Amino acid sequence: MTTLVELDGAARWFGAGHTQVTALHPTSLTVGAGELLAVMGPSGSGKTTLLSLVGGLDKPSAGRVVVDGQDVGSLKPRELAILRRRTVGYVFQDLNLLAGLTARENVAIPLELDGRSIGEARAAANAALESVGLASLGDRFPDDLSGGEQQRVAIARALVGGRRILLADEPTGALDSMTGESVMRLLRAHCDNGGTAILVTHDAAHAAWADRVVFLRDGRLVDEAHPAPNPELATTAP
Amino acid sequence: MSVRYGLLALLDEAPSHGYNLKTAFERRTGGSWAINIGQVYTTIQRLERDGLVESLGSSAGDDERREYRITPAGRAQLATWFENPVVAEAPARDELTIKVLLAVAAGDVDVTALLQRQRRASIEQLQAYTRRKAKADPKRDVAFLILLDALIFRTEAEIRWLDACDARIRSLASAAAAPPTAGSKETDG
Ligand SMILES: Nc1ncnc2c1ncn2[C@@H]1O[C@H](COP(=O)(O)OP(=O)(O)O)[C@@H](O)[C@H]1O
Ligand SMILES: [Mg+2]
């Protein structure tokens, strides 16, 4: 399995001395192609910090974060921007869709920023929208979409142009169970097609779509879960 | 209880005999709720005794061939069952609840570690259910998916409860670690 994400003793602290807060203690973790990883843990345990490091939104205070073979901590701002446009897609908790742009225009942004032609960006945006089941809603503005549809636009934007690494910070927070499930099916399909996704969630039913669930606590990885081999369904009738 | 009404519901559709009832029951419940044939016969005998089903003809002594049909009284009881909500019989008496309560009271058990071991086991179970859900056909396997949803949401509720226990214990611990008067931390807790 090709490693797409690696944390090697990566740590992040804020401030110094007596007021220093350690958001993430030195942590090592690898995530391979095809793998869906879920990160769980109480609020304040360092989940968003970990994801921001992988997404190149933040740099480690110590250790290394390697994404698709590149040491994120040593990249220049321009190189980081390229990594974010071509390799890593991020779905934020509050989605960050631009209200003045249509769904298609929102999805096309990363490609336009990357200097692709309008036509090329538009075609890729349509393909991404189709992959999340929204082919017919490209002309709608975010406010005219349901919560689940907005969620899928945000995922399409994170994946557009064939980005392989999808990072999602509590993306299913406010969704009802069937809508949340359809989002999880998308993430699963992305990974089954050779991509990688890291999902931060407090929702166990969503985390259960992952191949591996890691648990953070007070900035440390404390445990890891893998699917049970033989699921007992409702046993014998009482 | 469920087997009793399950058999009544099947007999409400058409008269049937024991073995057919067993296979039909298993199919209806998503192919995953195994009952043995002895259980079917015992249940039918009770239903017959209570006047809710009756045997057709008289192939005396031959359990396997005997066909049964629902009586009007059986039909009425089945309708009442569908019309009434199910009320949990004995809340909070499961082994896990008791284990956590006793661990909290014991004082020398690492409750946080206990909760995490349980959380991991529950998530692993949930992952296994979810794999089966991902493979199921949403149109053909409706019964199976409904059953899986029941198992998934129950397990999820258990995990939420574990998280709630954890948060309660953490807030107690942090209240104990931060006494109102600062600067008396020489002794190790
Ligand atoms: N920019 C920052 N400055 C100071 N402390 C921060 C900053 N970002 C996060 N933290 C602290 O780091 C810890 C982990 O935060 P975070 O990764 O957001 O947790 P989670 O996403 O699990 O809720 C928290 O205690 C938080 O207050
Ligand atoms: Mg967070």
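With the charge dipole of the protein assembly as shown set up from +1 on Lys and Arg Cβ and -1 on Asp and Glu Cβ about the Cα centre, the Cα lying farthest toward the positive end among the listed residues A:Ile82, A:Ala228, A:Thr179 is that of A:Ile82.
Rg/Rh for the range B:2-83 (Cα atoms only, Rh after Kirkwood) is 0.94. Protein heavy-atom accessible surface, 1.4 Å probe, per residue over the protein assembly as shown: 52 Å².
Charged side chains reduced to their Cβ positions (Lys and Arg at +1, Asp and Glu at -1) give the protein assembly as shown a dipole of some 580 debye around its Cα centre.
Summarising the label geometry, the points placed 7 Å from Cα in the beta-carbon direction at B:Ala9 and A:Glu112 lie 5.4 nm from one another.
A helix-only calculation puts the protein assembly as shown at -15000 deg cm²/dmol for mean residue ellipticity at 222 nm, using -39500 (n - 2.57) for each DSSP H run of at least four residues, averaged over all residues.
FRET efficiency for the A:Asn96 to A:Phe14 pair, using the beta carbon distance and R₀ = 22 Å, is estimated at 0.45. Averaging Cα coordinates gives a centre for the range A:65-106 and one for the range A:121-138; these two points are 19 Å apart. Spacing of the modelled spin labels on A:Ser28 and A:Gln70, each 7 Å from Cα toward Cβ, amounts to 2.5 nm. I'd like the antiparallel share, as a percent to the nearest 5, of DSSP beta bridges with both residues in the protein assembly as shown. So the antiparallel bridges amount to about 60 percent of the total.
In whole percents, the pair-distance distribution calculated for the range A:110-238 from its alpha-carbon pairs, binned every 10 Å from zero, is 11, 36, 31, 15, 6, 1, 0. On full extension, the segment bounded by B:Ala173 and B:Val109 gains 21.6 nm, given 0.36 nm per residue less the C-alpha separation.
Burial here means at least 50 square angstrom less accessible surface with every protein chain in place than with the chain by itself, probed at 1.4 Å; in the range B:160-180 the buried residues are B:Arg170.
Taking the Cα centre of chain A as reference, the dipole from Cβ charges on Lys and Arg (+1) and Asp and Glu (-1) amounts to some 640 debye. With a 1.4 Å probe and every protein chain left in place, tell me how much accessible area B:Phe25 has, in Å² to the nearest 10. Result for B:Phe25: roughly 10 Å² accessible. Magnitude of the charge dipole for the range A:97-163, about its Cα centre and with charges confined to Cβ atoms of Lys, Arg (+1) and Asp, Glu (-1), is about 160 debye. The stretch between B:Phe82 and B:Tyr19, if pulled fully straight at 0.36 nm per residue, gains 20.2 nm over its current Cα-Cα span.
The values are calculated or read from the model by the stated rules, or taken from the named source; none is laboratory data. Just so it is clear, the structure is predicted and the values come from calculations on it, not from any experiment. No Cβ is skipped: glycine too gets one built from the backbone with ideal geometry, and neighbour counts run over all protein chains shown. Areas reflect the complete protein model, heavy atoms only, side chains present, ligands, DNA and RNA absent. Shrake-Rupley method; radii C 1.70, N 1.55, O 1.52, S 1.80 Å.
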